[in-house]
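Trainee: Below is the structure I would like to discuss, written out as structure tokens.
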Amino acid sequence: MSDYTDFDHFGLDQRIVDAVKEMGYTTPTPIQSKAIPIVMQGKDVMGAAQTGTGKTAGFALPIIQRLLPHANTSMSPARHAVRALVLAPTRELADQVAENVKKYIAKTPLKCATVYGGVDMDPQTQALRAGVEIIVATPGRLLDHLQMKNTSLSQVQMVVLDEADRMLDMGFLPDISRILNLLPKERQSLMFSATFSEEIKRLAANFLRDPQLLEVARRNATAELIRQDVIKLHDSEKTDALLTLLKSGGHDGGPIKQVLVFVNAKIECRRLARQLQKAGVNADAIHGDKTQDERMKALDGFKKGEIEVLVATDVAARGLDIVDLPFVINYDVPFNAEDYVHRIGRTGRAGATGVAIMLMTGADERGVQAIERLIKQQFTPTTLEMERSGRVDRADRPAERGRGDRGGRDRGDRAERPPRGERTERDAGRSYQPAAQPVDDFFSKPYQPNDAAVKAENEAAASNAAATSKAEPRSRVAALLGGSKR
């Protein structure tokens, strides 16, 4: 296959080439060099490449080229039928892809709409009903619009599953199947991702027709420009280690000014961001419980440098394209080894260098081994000299602990306590000793009833029996029935 040194040699329309050059791109990446010619031929493709290598342009540019014959300036929605559909697993990725597509088509009459949940449907509805040729969507919200008949997929010619492994591996398959059943049988299908397991390949065989597999690097490999470090420590030291790295883990021992910190749980995400803020770090959190507006605001502030540390769950592992992001820290080892590839792929993008640091505890050994098997690399864990941050605030304790957190004292607290021998002697000196009390054998004797009390009790019982015998028998019956004898 020919090597393309610039975008002029693909046969793309000059308007597309000019738009790409205005974005600052001059030389195609390897995945773009391989994918663009094949997609322009109308063939199905499975594209595997390291994250951050330009997969979006690899499928978007040829799709736009194939749609140009349908481009027109008419205001009629009927003249702008949906002909290309891109499905993405997260809102952030859908927004990122749509942002790039809109830049690629800026000099053409083609229109693109973004559809995802967590925001008001009305603006999306208006855009869809006005007519668009390209839709970039998350599956759930797209199905909502289809049910409300805000758009139609009956004329779709090309469909793309971006980050296909996540789409198929995290419960999206039923929604994807429903959407694919609404598309014309004769269509071009594309799958692009950084990772492809054998299981994903089998699932893909159900809706790809004789696909061409494009791999520009070893499958599931990480970028060579990313330095990967692993720090082994105790679970209680993780926050102190993170603060130490933020303070002195940058170039030449300086502070880190922009870093993406990944955790596994939303609760841990909130807790860690709050702890960093209390330590004087300009930090924010992004996770699934935040509204889309809150998430986009945090991302925008992070991209602008207004937020130095962004703590995120895997909702941010895909779709984040941040220029010159120097550091990624895995505060938690990911549950799925594939997520490691996507997490660290937020740095070292577009030929830049990056650093990925992972904090590893004793409970993480299996997870780290799974990552090593996946990326076919061996880590050499190191240790870190760190400053102690002191006692964790009570509000941040057991109710909001992440995996492996046992809710005990912080190791920094234990280090300040005296040695065990001195502590035992001190505690013994302070322990409470009750005063000796005289023993009264009254409480150890068996119970003996008082004769006078027994005699009084017997006389009272006899008196009650006599009074009862003098009463009229029918009055007792009447009382039981709720009445009395008159």
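Coordinate-derived values only; no laboratory data. Treat the numbers as computed from the prediction; the structure is a model and nothing was measured. All Cβ positions, glycine included, derive from the backbone under ideal geometry; neighbour counts span all protein chains shown.
Trainee: I'd like the Karplus ³J(HN,Hα) series for segment 16-30: coefficients 6.51, -1.76, 1.60, θ = phi - 60°, whole numbers in Hz, and an x wherever there's a Gly or Pro.
Mentor: 5, 4, 5, 5, 5, 5, 5, 7, x, 9, 10, 10, x, 7, x
Trainee: Using a cut-off of 15 Å between beta-carbons, work out the net charge of the residues near residue 301 (Lys and Arg +1, Asp and Glu -1, residue 301 not included). Intermediate values should be presented prior to the final figure.
Mentor: Details: positive: 257, 290, 295, 297, 303, 304; negative: 92, 284, 293, 294, 300, 306, 308.
Counting the neighbours of residue 301, the net charge comes to -1.
Trainee: For segment 53-66, take each phi angle, set θ = phi - 60°, evaluate the Karplus expression 6.51 cos²θ - 1.76 cosθ + 1.60, and give the result in whole Hz per residue in order, putting x for glycine and proline.
Mentor: 9, x, 5, 4, 5, x, 9, 6, 4, x, 5, 4, 4, 6
Trainee: Counting Lys and Arg as +1 and Asp and Glu as -1, what is the net charge of the other residues whose Cβ lies under 10 Å from the Cβ of residue 255?
Mentor: Cβ neighbours under 10 Å give a net charge of +1.
Trainee: Can you compute 3J(HN,Hα) from phi for each residue in segment 260-266, using the Karplus curve 6.51 cos²θ - 1.76 cosθ + 1.60 with θ = phi - 60°, rounded to whole Hz and x for Gly and Pro?
Mentor: Once rounded to whole Hz, the list reads 9, 10, 9, 10, 8, 10, 5.
Trainee: Another one. Hey, can you grab everything whose amide H is under 5 Å from the amide H of residue 86? Only 5+ residues off in sequence or another chain; H modelled, so Pro and N-termini drop out.
Mentor: Here the answer is 135, 136, 137, 160, since their amide H atoms fall under 5 Å of that of residue 86.
Trainee: Would you mind ranking 104, 331 by Cβ crowding within 10 Å, fewest neighbours first?
Mentor: So the residues, fewest neighbours to most, are 331, 104.
Trainee: What's the local net charge at residue 134, with K and R +1, D and E -1, over the other residues with C-beta under 10 Å away?
Mentor: After counting each charged neighbour, the total is +2.
Trainee: Sticking with this structure for a sec: Taking H placed 1.01 Å from N in the peptide plane, check which residues at least 5 places from residue 360 or on another chain put their amide H under 5 Å from its amide H.
Mentor: So residue 360 has HN proximity to 231, 232, 233.
Trainee: Next question, about the same structure. Figure the gain on full extension for residue 304 and residue 120 (residue separation times 0.36 nm, minus the Cα-Cα span) and round it to one decimal in nm.
Mentor: Gain on stretching residue 304 to residue 120: 63.7 nm.
Trainee: With every atom except the alpha carbons ignored, what do you get for Rg and Dmax of segment 7-215, in angstroms?
Mentor: Here Rg and the maximum Cα pair distance are 15.9, 46 Å.
Trainee: Return the long-range amide H neighbours of residue 227 (sequence gap of 5 or more, or a different chain), with a cut-off of under 5 Å between placed amide H atoms.
Mentor: Amide H to amide H, under 5 Å and 5 or more residues apart or across chains, residue 227 pairs with 354, 355, 356.
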